[in-house]
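Single-structure report; data block below.
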Amino acid sequence: MSGRPESNSPSEAEYPPAEYGLLDVSVTNVIHSAHYGYIYCMALLNNDGKEKDGGSGGVQLATGSGDETVKLWDCTLKGPVCVHEFECAQGAVLALVAQNETIYAGCQDGYVKVLDLETKTLVRTIIVQEGIDILSMSMIGSDLYTCSADGWIKCWSASFDCTASWQGHNGIILSSFIDVKRPNSARLVTGGNDNYIKVWEVDPPKPRKEDRRLLPKSHDSESFTDTMTYALSKFISIPSVSCTSSHTEDCRQAAIWLKKCLNQLGAHTSLLPTGEGKNPLVLGIFSGTKGDKPKPRVLFYGHYDVIPAPRQGWSSDPFTLTGRNGYLYGRGVTDNKGPIIAVACAAADLLSRRALGCDLVFLIEGEEECGSTGFRETVGRYKDAIGDIDAILVSNSTWIGEDKPCITYGLRGVIHCELEISSNHPDLHSGVEGGAVVEPMFDMVRLLASLTDGQRTVQIPGFYDHVRPQTEEEKELYKLLSNVTRRPAASLSSRWREPSLTLHTIEVSGPKNATVIPGLVKSQVSVRIVPDQDLDTITKALVAHLESSFEILQSPNNLRVFSRARFV
């Protein structure tokens, strides 16, 4: 028996669904003032039992509110516990959707804030349509669908490009969800205040040519070579090009992948935020075998970002690891993903045999190819987490030959210097003003020429005063290396133990054609220094030499010098 009265009349038999019961929420389960405003949206994050920074493993809840914040809650047996608060500062948070390590927060006035759960930072702001509220969002794979108060639906790719848009409703879109029935097809369901629920056929994003699973479950000593090659192939497949905005998300995914990879190899790992819009640092620490004596602490520096890889000049896909003639090819194999994976696998091998005699700290950045923005500040901020370091291992150097491995145990320091010479005139026409004005370009050429003589000897006063003379032992060593590298010993000595000065660029204002007298000329110079040469002393001497040499010219133009020094 169904519990409903029998009837032969269809109209009489049509009853509303039976009420199964009421959900009674205990007062003890109510959190008062969880936000200072209405709570408009919630999203569940299932961490599959993995421990997350700032909270325990298991289920987490994200809530968005009119107070312009997103709060992250641990769902514990004793109730939700707030573990982090994101400041969106873009009006009320009206919609939330979460996937993996990312929360997308749809806000008033058409903004979507992309929040990273690992680093607890804002990584991107998507402007969907200024002035139009985002009321609902859904995701399938890496594609984000935004639904706005003007009835428009837009699809955003993993690189945050708008790949499709259409007007879905004649009114406000109030809700949406993704229905996946078949592997290669999906439906987006939307509901609006125009009294329609609409079902849209949408194409799931194409999977990358290689998945991004981590390492094989087995990575004992005998299989570490296979593990290294496998891991490198996955690492290379992520196009983490830091100088191109379209690859911003790829860079973040490379950091997340590397963090998980190092963790699986035995390191304690975390991501260190470097600031909004910048790629995080990956910190991984392999703890060595404990003994009677204190262990040295060695830091390995590397970078997971790469430079662009235009197809011209490549005989294979630069983001697919390819073996050919005994070599591995792919963007980042040498600079710098290959060395990172090689050292990590070596550390894991030693760790598995209880033979790692030091604490090995991995500090891997994602902005090296575009100036290491934020690196210095982040290292200072997380110095306690990094710890005291006894030695630094850097893989960004060269071998002495194609098949002769070597360890570079020292690099020359560097002083960067930028010069500007400007006139009090705008850019002039050489056919009108040529010969009548003192041209900044001639001043720059004369000034740069004063830095060295005809034998390429640097003319900065006191430049060579503290350079160590070459010992007989060194001379014999350079002879040996000369035989190995088939290069003259003097050439090797000049590259490795002698200071040098290099002119890098000359830039001019104006259209850069052959009829213009530029009113502004810039140049970049660098000085490489060696042990016993003091950075500050050489920097001051360089600036003083440039200023005094410019005075000798008695030019009406103006000179500005900018310098910075560091050890590499």
**Prompt:** Hey, among the residues in region 288-317 that are surrounded by 16 or more Cβ atoms within 10 Å (Cβ to Cβ) and among the small types (Gly, Ala, Ser), which one's nearest to ALA342 (Cα to Cα)?
**Reply:** GLY302
**Prompt:** Where residues in region 123-132 are at pLDDT 85 or above and of a type in the set (A, V, I, L, M, F, W, C), which of them is farthest from THR102 (Cα to Cα)?
**Reply:** ILE132
**Fill in**
When PRO405 is run through (1) touching a helix residue (DSSP H, G or I) at 6+ places or on another chain (Cβ under 8 Å); (2) outside any helix (DSSP H, G or I), the failure sits at (1)
**Item:** Residues of region 116-138 satisfying the condition of being closer than 15 Å to VAL70 by Cβ, polar (S, T, N, Q) and open to solvent by 20 Å² or more (accessible area, probe 1.4 Å)
**Value:** THR121, THR125
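For region 318-332, name all the residues that are touching a residue at least 12 places away in the same chain (Cβ under 8 Å) and either open to solvent by less than 60 Å² (accessible area, probe 1.4 Å) or hydrophobic (A, V, I, L, M, F, W, C) (or both).
Within region 318-332, PRO318, PHE319, THR320, LEU321, LEU328, GLY330, ARG331, GLY332 qualify.
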**Request:** Exactly one condition in (1) outside any loop (DSSP other than H, G, I, E, B); (2) open to solvent by 50 Å² or more (accessible area, probe 1.4 Å) is not met by LEU360; state its number.
**Result:** (2)
**Complete:** Note on region 32-60: residues exposed (fewer than 15 other Cβ atoms within 10 Å of the Cβ), at pLDDT below 90 and either among the charged types (D, E, K, R) or at negative phi (or both) are HIS32, ASN46, ASP48, LYS50, GLU51, ASP53, GLY57
**Item:** Output for region 140-188, where each listed residue is under 19 Å from LEU96 (Cβ atoms), touching a Gly at 6+ places or on another chain (Cβ under 6 Å) and open to solvent by less than 20 Å² (accessible area, probe 1.4 Å)
**Value:** ILE153, ILE173
**Request:** Report yes if some residue within region 402-416 is open to solvent by 50 Å² or more (accessible area, probe 1.4 Å), without any contact (Cβ under 8 Å) to a residue 24 or more places away in the chain and of a type in the set (D, E, K, R); otherwise report no.
**Result:** yes
**Request:** Report, by residue number, each residue of region 150-163 that is over 27 Å from the mean Cα position of the chain (by Cα) and part of a strand (DSSP E or B).
**Result:** TRP152, ILE153
**Asked** Quick one: is ILE460 of a type outside the set (Phe, Trp, Tyr), more than 23 Å from GLY401 (Cα to Cα) and in a loop (DSSP other than H, G, I, E, B)?
**Response** yes
**Asked** Can you name the number of the only condition in (1) surrounded by 14 or more Cβ atoms within 10 Å (Cβ to Cβ); (2) among the polar types (S, T, N, Q); (3) closer than 18 Å to SER233 by Cα; (4) touching a residue at least 12 places away in the same chain (Cβ under 8 Å) that SER352 fails?
**Response** (3)
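Residue by residue, here is whether (1) buried (at least 18 other Cβ atoms within 10 Å of the Cβ); (2) of a type outside the set (D, E, K, R); (3) within 16 Å of VAL361 (Cα to Cα); (4) at pLDDT 95 or above holds:
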residue: TYR230; (1), (2), (3), (4): yes, yes, no, no
residue: HIS247; (1), (2), (3), (4): yes, yes, no, no
residue: GLN253; (1), (2), (3), (4): yes, yes, no, no
residue: ASN263; (1), (2), (3), (4): no, yes, yes, no
residue: LYS278; (1), (2), (3), (4): yes, no, no, no
residue: VAL282; (1), (2), (3), (4): yes, yes, yes, yes
**Asked** Do you know which of the residues in region 266-282 that are assigned to a strand (DSSP E or B) and under 16 Å from ASP250 (Cα atoms) is nearest to the chain's Cα centre (by Cα)?
**Response** LEU281
**Item:** The one condition in (1) open to solvent by 20 Å² or more (accessible area, probe 1.4 Å); (2) touching a residue at least 12 places away in the same chain (Cβ under 8 Å); (3) among the charged types (D, E, K, R) that ARG376 fails to fulfil
**Value:** (2)
**Request:** Out of ASP388, ASP384, ASP443, report the one residue that is assigned to a helix (DSSP H, G or I) and either touching a His at 6+ places or on another chain (Cβ under 7 Å) or in contact (Cβ under 8 Å) with a residue 60 or more places away in the chain (or both).
**Result:** ASP443
**Prompt:** Does ARG528 satisfy the condition of being among the basic types (Lys, Arg), over 13 Å from LEU451 (Cβ atoms), touching a residue at least 60 places away in the same chain (Cβ under 8 Å) and crowded, with 16+ Cβ neighbours inside 10 Å?
**Reply:** yes
**Request:** Check PHE463 against each of (1) closer than 30 Å to ASN558 by Cα; (2) open to solvent by 60 Å² or more (accessible area, probe 1.4 Å); (3) in contact (Cβ under 8 Å) with a residue 24 or more places away in the chain and name the one condition it does not meet.
**Result:** (2)
**Request:** Name the residue, out of LEU503, LEU535, that is at pLDDT 95 or above and either among the hydrophobic types (A, V, I, L, M, F, W, C) or open to solvent by 50 Å² or more (accessible area, probe 1.4 Å) (or both).
**Result:** LEU503
**Item:** Restricting region 466-475 to residues that are surrounded by 11 or more Cβ atoms within 10 Å (Cβ to Cβ) and in a helix (DSSP H, G or I), the residue that is nearest to the chain's Cα centre (by Cα)
**Value:** GLU474
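Filter region 542-560 down to the residues that are within 37 Å of the chain's Cα centre (by Cα) and open to solvent by less than 50 Å² (accessible area, probe 1.4 Å) and list them by number. Walk me through it before giving the result.
First pass over region 542-560, keeping only residues within 37 Å of the chain's Cα centre (by Cα): 542-543, 559-560.
Within region 542-560, LEU542, VAL543, LEU559 meet the criteria.
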**Fill in**
Inside region 486-523, the number of residues satisfying the requirement of being assigned to a helix (DSSP H, G or I) and touching a helix residue (DSSP H, G or I) at 6+ places or on another chain (Cβ under 7 Å) is 3
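The values are calculated or read from the model by the stated rules, or taken from the named source; none is laboratory data. In this text the structure is predicted, and so the values were computed from the model without any measurement. Virtual Cβ from ideal backbone geometry, glycine too; neighbours counted across all protein chains shown. Keep in mind that these areas ignore ligands, DNA and RNA; they rest on the heavy atoms of the full protein, side chains included. Shrake-Rupley method; radii C 1.70, N 1.55, O 1.52, S 1.80 Å.
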